[in-house]
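Worksheet: the structure to be examined is printed underneath.
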Amino acid sequence: MPVITYRQALNDALSEELTRDENVVIMGEEVAEYNGAYKITEGLWKKFGSKRVVDTPISEAGFIGLGVGAAMMGMRPVMELMFWSFAYVAFDQIINNAGCVRYMSGGLINLPLVIRGPANGGTNVGATHSHTPENFLANTPGLKVVCPATPYDAKGLMKTAIRDNDPVCFMENTLLYGDQGEVPEEEYLIPLGVADIKREGADVSLIGHGRAVITALNAAHRLAEEFDISAEVIDLRSIRPLDEETILDSVRKTHRAVLVDENKPFCGVSSQIATLIQEKAFDDLDAPVQRVCSLDAPAIYSPPVEALQLPTVDRIIQKVLAIS
């Protein structure tokens, strides 16, 4: 099986869907001749032309609105944000329009729209380029929110997102673009709302999404090597829809849970997971649910300080040891 990068896996998914369905179009800032700010669309403009891969003005509110309108007219637009942090100026189009159209039309209007781009901190580009908005978006009925952690998942989930008839917010952690992994050459799809057990374990469940899954896997390795603790790692893959059964089954087996989340702790994704466990698996717990989140402050330019803001292997291990 070929080993490719997360970036290439996304590029392959876009290329295959552009080939499969003439209604699929890509739009965003510098996605065409420049090949995208992070080169996710590299080669697609040359291959599919300027009517399928379209540069837009620097106006997130404008081009996300364009995508909403195109989807309402039967296209399947994939809109690239240079950073998900810039989506805030387009929240009227994302929340009020994309998220509400199906409900407000009584189910008569589909909105097959994908909004994708890099998110999260860790790249030392400052507070306004390092947000983790999946908690805001998942709070909106009508939106689906996907956060792949591996190249395999990135490709399979992107292809599914493009074929979905509802708006999908596709969050790509910037630090994952260079990660490599095995990706089949043959076509495959990964359904939204199905979590993946990235590592089997018996003593504690480490639950996360996006790059937090990689951090959790590294912590699980050290817990086994240094403390003889068997940690199960659950990759949520999508925040909404959320695979509640896989989460609850894991907690009922291990009886302990540590949630790893690059969101801030206040009203973050981990808050929702903790509530779920408390409501539906409280009697199965042998210890309180623990959380390892980003520190509750805007991202800082300084590389060593920002590294401490994000969840780390050491912080995960400390939480696990505290409840073991």
Hey, among the residues in segment 104-142 that are hydrophobic (A, V, I, L, M, F, W, C) and within 24 Å of PRO298 (Cβ to Cβ), which one's most open to solvent (accessible area, probe 1.4 Å)?
PHE136
When both residues are 6+ apart or on different chains and their Cβ atoms are under 6 Å apart, which pairs have a first residue that lies in segment 252-265 and is assigned to a helix (DSSP H, G or I) and open to solvent by 10 Å² or more (accessible area, probe 1.4 Å), and a second that is of a type outside the set (Phe, Trp, Tyr) and modelled with pLDDT of 95 or more?
ARG252/ALA281; ARG252/ASP284
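Hey, could you check segment 228-241 for residues that are touching a residue at least 60 places away in the same chain (Cβ under 8 Å) and buried (at least 19 other Cβ atoms within 10 Å of the Cβ) and say which is farthest from ILE317 (Cα to Cα)?
Restricting attention to segment 228-241, the residues satisfying the condition of being touching a residue at least 60 places away in the same chain (Cβ under 8 Å) are 229, 231, 235-241.
Now narrow it down to the ones that are buried (at least 19 other Cβ atoms within 10 Å of the Cβ): 229, 231, 235-240.
Numbers: ILE229: 10, ALA231: 10, ASP235: 18, LEU236: 20, ARG237: 22, SER238: 25, ILE239: 24, ARG240: 28 Å.
Looking at the filtered set, the residue picked out is ARG240.
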With more than 22 Å from ARG252 (Cβ to Cβ) and open to solvent by less than 70 Å² (accessible area, probe 1.4 Å) as the only criterion, which of LEU276, LEU310, LEU295 stands out?
LEU310
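From THR41, THR56, grab the single residue that is touching a Phe, Trp or Tyr at 6+ places or on another chain (Cβ under 8 Å), open to solvent by less than 40 Å² (accessible area, probe 1.4 Å) and at negative phi.
On the way: THR41 fails: touching a Phe, Trp or Tyr at 6+ places or on another chain (Cβ under 8 Å).
The match here is THR56.
If you scan segment 127-156, which residues turn out to be of a type in the set (Val, Ile, Thr) and in a helix (DSSP H, G or I)?
Restricting attention to segment 127-156, the residues satisfying the condition of being of a type in the set (Val, Ile, Thr) are 128, 132, 140, 145-146, 150.
Hit for segment 127-156 is THR128, nothing else.
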Out of (1) of a type in the set (S, T, N, Q); (2) open to solvent by 10 Å² or more (accessible area, probe 1.4 Å); (3) more than 11 Å from the chain's Cα centre (by Cα), what's the single condition that is false for SER205?
(2)
Output the residues belonging to segment 62-83 that are in a helix (DSSP H, G or I) and touching a Lys or Arg at 6+ places or on another chain (Cβ under 9 Å).
ALA70
Exception for ALA87 within (1) open to solvent by 40 Å² or more (accessible area, probe 1.4 Å); (2) under 21 Å from SER130 (Cα atoms) falls at (1)
Every residue in segment 1-31 that is modelled with pLDDT of 95 or more, farther than 21 Å from ALA119 by Cα and either in a loop (DSSP other than H, G, I, E, B) or hydroxyl-bearing (Ser, Thr, Tyr) (or both), please.
SER15, THR19, ASP21, GLU22, ASN23
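The values are calculated or read from the model by the stated rules, or taken from the named source; none is laboratory data. Here the structure is a predicted model, which means the values were calculated and not measured. Every residue, glycine as well, gets a Cβ built from its backbone with ideal geometry; the counts of neighbours run over all protein chains shown. Note: areas computed on protein heavy atoms with side chains; ligands, DNA, RNA excluded. Shrake-Rupley method; radii C 1.70, N 1.55, O 1.52, S 1.80 Å.
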